[in-house]
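Contents: one structure, followed by commentary.
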Amino acid sequence: MELTVKEYKHCDVIKVNGRINTQTAPELKAALEALMENGRYKFVLDLSEVEFISTAGLRVLMSAQKTCKQLSRGEVVLAGVPERVHEALDLAGFVSLFKIEETILDAVGNF
Amino acid sequence: MDFPKTETFPGAGSSLEAINTFVTEAAQAIGLDEDAIFGVQLAVEEACDNIIEHAYAGASKGDIECSCDIVTDGLKIVLRDSGRPFDPESVPKPDLDSPLEERDIGGLGLHFIKNLMDEVRFEFFPGSGNVLTMVKRKTPAG
């Protein structure tokens, strides 16, 4: 898994490549937590290059969403979600917990 | 590829990719379609996570033996570990629809395994350990 974080004025765009599983989820968690510690709570997660997400990865997404949405200070918006990742989100009942946008531009437009 | 095909991996997160490759090659050799292969990959990943986290309660406490075999219209995968008994009945039912702030993620791994595979059976044999048998059938054509 590879992560690229780009900080913009209204939100941060985090692009994730590869597999999000028990091996790699801690890295994503640490990256999100580092941003949140700096008072950043508005995230676009670009998942277009994610091949695979297990429940270990889903756990990180939900925990970040809970923290971001507290006090209405922000949220995690998902973008470019591949069919397989969407299937996992759906099976986990996560589709109602996240805004899911087709493009990064649409996702950034939420902030 | 000759079946059955068995390989043993250290029970650690670092084995997940190799286990994934092993079952993917078997699934492809048997002729499962991409949807079915995706289901197998995710279910096996969740099952191995469960073994490492619950049966062994940590990484590198024992091995995971993975066997793949052909059954009528599909692929049978058997995962064996020598850890403590895993009782699927003890796992909470997954919470799939509470609002975000009340949502609990417990039980999702087992929910994935049961939904992604066509047959799932957990057994425990004192002296040897847990045996998880899963079957994925080919999607009927047309």
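The values are calculated or read from the model by the stated rules, or taken from the named source; none is laboratory data. All figures in this text were calculated on a predicted structure; none of them were measured in a lab. Please note: Cβ atoms are built from the backbone with ideal geometry, for glycine as well, and neighbour counts cover all protein chains shown. These accessible areas exclude ligands, DNA and RNA; they are computed on the full protein's heavy atoms, side chains included. Shrake-Rupley method; radii C 1.70, N 1.55, O 1.52, S 1.80 Å.
A few remarks follow.
- Of the numbered criteria (1) touching a strand residue (DSSP E or B) at 6+ places or on another chain (Cβ under 9 Å); (2) under 26 Å from B:E34 (Cα atoms); (3) not acidic (D, E), the one B:N130 fails is (2).
- Within region A:89-104, the set of residues being part of a helix (DSSP H, G or I) and either within 14 Å of the chain's Cα centre (by Cα) or modelled with pLDDT under 95 (or both) comprises A:L89, A:I104.
- Subset of region A:51-80 [assigned to a helix (DSSP H, G or I), of a type in the set (V, I, T) and within 17 Å of A:E33 (Cβ to Cβ)]: A:V60, A:T67
- Count of region A:37-55 residues which are more than 13 Å from the chain's Cα centre (by Cα), within 13 Å of another protein chain (Cβ to nearest Cβ) and of a type outside the set (S, T, N, Q): 2
- Scope region B:65-95; condition part of a loop (DSSP other than H, G, I, E, B), hydroxyl-bearing (S, T, Y) and surrounded by 14 or more Cβ atoms within 10 Å (Cβ to Cβ); matching residues: B:S82
- Filtering region A:7-24 to residues that are out of contact with any helix residue (DSSP H, G or I) (no Cβ under 9 Å at 6 or more places or on another chain) and more than 23 Å from B:E53 (Cβ to Cβ) leaves A:K9, A:N17.
- Within the option set B:L75, B:L96, B:L32, being aliphatic (A, V, I, L, M) and at the interface with chain A (Cβ under 10 Å from one of its Cβ atoms) holds for one residue only, B:L96.
- Within region B:45-55, one or more residues are open to solvent by less than 50 Å² (accessible area, probe 1.4 Å), more than 14 Å from chain A (Cβ to nearest Cβ) and either modelled with pLDDT under 95 or part of a helix (DSSP H, G or I) (or both).
- Screening region A:70-111 for residues that are basic (K, R) and open to solvent by 60 Å² or more (accessible area, probe 1.4 Å) and picking the one that is farthest from A:I53 (Cα to Cα) gives A:R73.
- Candidate set: region A:21-50, residues that are open to solvent by less than 70 Å² (accessible area, probe 1.4 Å) and part of a loop (DSSP other than H, G, I, E, B); chosen: the one nearest to A:E2 (Cα to Cα): A:T24
- One residue from B:I113, B:I105 being outside any strand (DSSP E or B), at negative phi, touching a helix residue (DSSP H, G or I) at 6+ places or on another chain (Cβ under 9 Å) and open to solvent by less than 10 Å² (accessible area, probe 1.4 Å): B:I113
- Conditions (1) within 25 Å of B:G106 (Cα to Cα); (2) in contact with a Leu (Cβ under 9 Å, 6 or more places away or on another chain): number failed by A:E83: (2)
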